[in-house]
1. So if we plug the beta-carbon distance of residue 210 and residue 12 into 1/(1 + (r/R0)^6) with R0 = 35 Å, what FRET efficiency do we get, rounded to 0.05?
2. What's the extension gain from residue 101 to residue 70 if we count 0.36 nm per residue and subtract their Cα-Cα distance?
3. According to the square roots a ≥ b ≥ c of the eigenvalues of the Cα gyration tensor, what is the shape class of the stretch 1-117, taking rounded for a/c under 1.5, prolate for a/b larger than b/c otherwise, and oblate for the remainder?
4. Round to the nearest 10 and give me the degree value, 0 to 90, for the angle of helix 90-100's Cα axis relative to the longest principal axis of the chain.
5. Just from its helices, what would the mean residue ellipticity at 222 nm be for the chain, if runs of 4 or more DSSP H residues each count -39500 (n - 2.57) and the sum is divided by every residue, rounded to the nearest 500 deg cm²/dmol?
6. Report the Cα centroid-to-centroid distance between the stretch 47-104 and the stretch 140-191 in angstrom, as an integer.
7. Quick one: compute the contact order of the chain, relative version, from alpha carbon pairs under 8 angstrom and 6+ residues apart, as a percent.
8. Viscosity 1.567 mPa s, temperature 4 °C: what is the translational diffusion coefficient of the stretch 83-144 from Stokes-Einstein with a Kirkwood Rh over Cα pairs, rounded to a whole number of µm²/s?
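Derivation of every value follows stated rules applied to the coordinates shown; laboratory data play no part. In this text the structure is predicted, and so the values were computed from the model without any measurement. So basically every Cβ, Gly included, is an ideal-geometry build from the backbone, and we count neighbours across all protein chains shown.
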């Protein structure tokens, strides 16, 4: 087990965005965070990364509690729909990531090829389409050296072919030991790429495990149902 989240809570006034959220992440897995809109997925990522302060809860690595200010050595958070260094060209951003974040320079050319970034290297990031910016954000994340990546909506803005290609890239890097925690709103995409899942609804974890384990949980809660797919399990548990 790489890390454990226990009892995470976050309130915004009277709204409980996260309530006693607990789960674990295994080394080298692709863990999917799935839930309805407003479930608290982005808030969870921000609290884990230390971008947002949690009201309660702890993140442990190897049984040791890691304060928010010390998590940058373990986790790198890739938000959705941001435009980093908008006035700078793509090539500059990749080089800056390697230098400033002490990233994996040996992966630079590989990721340029895998994510089809060669035609974009001289273009300003702020002038790119949403899908192009998404591929740049993924490259930035994969260039970093932290053991775990939190990626919010890795397939947002990508077409079907690009989604499948990016999924293959992410699985390839996970196969080399990188741990990925992905927030995905498309159930089909999550089912294709993830090893296990955390189901989040109304700020609470409704289940965690692979499809078989979640199906057994759904069957225990509502006997007699059909739970052969992740979509059926998701609907039953959330």
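1. After rounding to 0.05, the efficiency reads 0.60.
2. Full extension from residue 101 to residue 70 adds 9.7 nm.
3. The shape class here is prolate.
4. The answer is roughly 70 degrees.
5. Value at 222 nm, helices only: -10500 deg cm²/dmol.
6. 16
7. 27
8. Roughly 116 µm²/s, to the nearest whole number.
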